[in-house]
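Enquirer: What follows is a structure written as structure tokens; I'll ask about it next.
Nothing in this text is a laboratory measurement; each read-out follows from the coordinates by a stated rule. Small disclaimer: the values here were computed from a predicted structure and weren't measured. Methodologically, a virtual Cβ is constructed for each residue, glycine included, from the backbone with ideal geometry; neighbour enumeration extends over all protein chains shown.
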Amino acid sequence: MVAIELDGLTKRYGDVLAVDGLDLTVEEGEIFGFLGPNGAGKSTTIDILLDFVRPTSGTATVLGLDAQEESLAVRRRIGVLPDAYHVYDRLTGRQHLDFVVDSKDIGDEVDIDGVLERVSIREAADRKAGDYSKGMRQRLVLAMALLGDPDLLILDEPSTGLDPNGARQMREIIEAENDRGTTVFFSSHVMEQVEAICDRVAIINRGQLVAVDSIDGLRGQTQTMTTLTIDVGDADADDAAALQNRIYVTNATLDGDRMQVSMTRDGSKFEVLQALDERGVEIRDFSIDESSLEDLFAEYTTERQEVKQ
């Protein structure tokens, strides 16, 4: 089943092409990261999914419903944490949640205190939101998104204003919701969080999709390097030099008992280890330093590659 489907989605503001023929499918049950540099079209795409903005052409389907023609039905089945959210200073946290319960008509299904507890603001629930810190406001809007056990969560920069503990809790809540069966679609500049929890990610640049895959899949499509650091015994410079005869090894150096081998993505760490073993080199330990999502993001958005699906 498909949670989100974009078909030729395009949005133009005068001479500015914010979203340019975007085709994208998010399967039900995925945690899906939606990435791109500032101005890439991420927020515009999310605004179209929520029917805050109408597309110039193309279609957006959410949970099998037309995002524009059936927007009310869509909103009853999703939870949203927008990037540019607004809370009402004179209303308490609990009153914010009561409003969502009434608007979605889900009063008999909701444990408001339980949701407030999950996001760690239950003790502040009856204080006015105007007295909340930025992090507490972020938690409040997340609580509003979680009400009613949504089938889909759309989160735009969910960790904004949160300290490291809050960001970790946010990740745990996302994972728990996904375990419950909720599809999660979120945009974030916190690459470590995206890399830690996403099944797949899409990268857009200048309104176009340039890559969509798992993190490992993205690594396999780039020229980024893997560095293998090996704690060795009985090795010499000839052992390091011998590795450089392999087509996927770009460099191999030995410094005391530490050997560092740089490989392209076509390389295999197991072949390197086997080659050293065959030369009689003692392998005590090894570690792998692969390209981070931040590295991949920079490569894709700098080169502005076209997506291959």
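Enquirer: With +1 on the Cβ of every Lys and Arg and -1 on the Cβ of every Asp and Glu, and nothing else charged, how large is the dipole of region 154-275 about its Cα centre, in debye rounded to the nearest 20?
Expert: 500 debye
Enquirer: Can you pull out the trypsin sites (Lys or Arg not before Pro) in region 131-201 that DSSP calls coil and that have at most 13 other Cβ atoms within 10 Å?
Expert: ARG180
Enquirer: Using the eigenvalues of the Cα gyration tensor, what equivalent ellipsoid semi-axes result for region 170-216 when each is taken as the square root of five times the eigenvalue, whole Å, largest first?
Expert: Each semi-axis is the square root of five times an eigenvalue, giving 21, 11, 10 Å.
Enquirer: Whole angstrom only: what separates the Cα centroid of region 102-157 from the Cα centroid of region 169-194?
Expert: 16 Å
Enquirer: Please tell me the relative contact order of region 1-120 in percent, rounded to the nearest whole number, where contacts are Cα pairs under 8 Å and at least six residues apart.
Expert: That works out to 21 percent.
Enquirer: Based on Cβ point charges of +1 for Lys and Arg and -1 for Asp and Glu, what charge dipole magnitude is obtained for the chain about its Cα centre, in debye rounded to the nearest 20?
Expert: 1180 debye
Enquirer: Please name which of ASN205, GLY161, ALA3 has its Cα lying farthest along the dipole of region 2-219 towards the positive end, using unit charges on Cβ (Lys, Arg +1; Asp, Glu -1) and the Cα centre as origin.
Expert: Farthest towards the positive pole: GLY161.
Enquirer: Only loop residues by DSSP count here, and only those with at most 13 other Cβ atoms within 10 Å; note down the GluC sites (Glu not before Pro) in region 38-130 that meet that.
Expert: Counting only loop positions with at most 13 other Cβ atoms within 10 Å, the GluC sites (Glu not before Pro) in region 38-130 are GLU69.
Enquirer: When only alpha-carbon atoms are used, what values of Rg and Dmax, in angstrom, describe the chain?
Expert: 23.8, 74
Enquirer: Let me ask something else. How big is D, in µm² s⁻¹, for region 147-273 by Stokes-Einstein at 4 °C and 1.567 mPa s if Rh is the Kirkwood radius over C-alpha pairs?
Expert: The Stokes-Einstein estimate is 72 µm²/s.
Enquirer: Semi-axes, largest first, in whole Å: what does sqrt of 5 times each Cα gyration tensor eigenvalue give for region 225-290?
Expert: Whole-Å semi-axes of the equivalent ellipsoid: 16, 12, 11.
Enquirer: Provide the FRET efficiency to the nearest 0.05 for the GLU70-SER287 pair, computing r from the beta carbons and using R0 = 41 Å.
Expert: 0.20
Enquirer: With a point put 7 Å past each Cα toward its Cβ, work out how far ASN165 is from LEU91 in nm, to one decimal.
Expert: If labels sit at ASN165 and LEU91, their model points lie 2.9 nm apart.
Enquirer: Also, quick follow-up: What percent antiparallel are the DSSP beta bridges of region 2-219, to the nearest 5?
Expert: Among the beta bridges of region 2-219, antiparallel pairing accounts for roughly 55 percent.
Enquirer: Report Rg/Rh for region 28-68, rounded to two decimals, where Rg is the Cα radius of gyration and Rh the Kirkwood radius.
Expert: 0.98
Enquirer: Placing +1 at every Lys and Arg Cβ and -1 at every Asp and Glu Cβ, with all other atoms neutral, what dipole size does region 1-144 have around its Cα centre, in debye to the nearest 20?
Expert: I would put it at about 680 debye.
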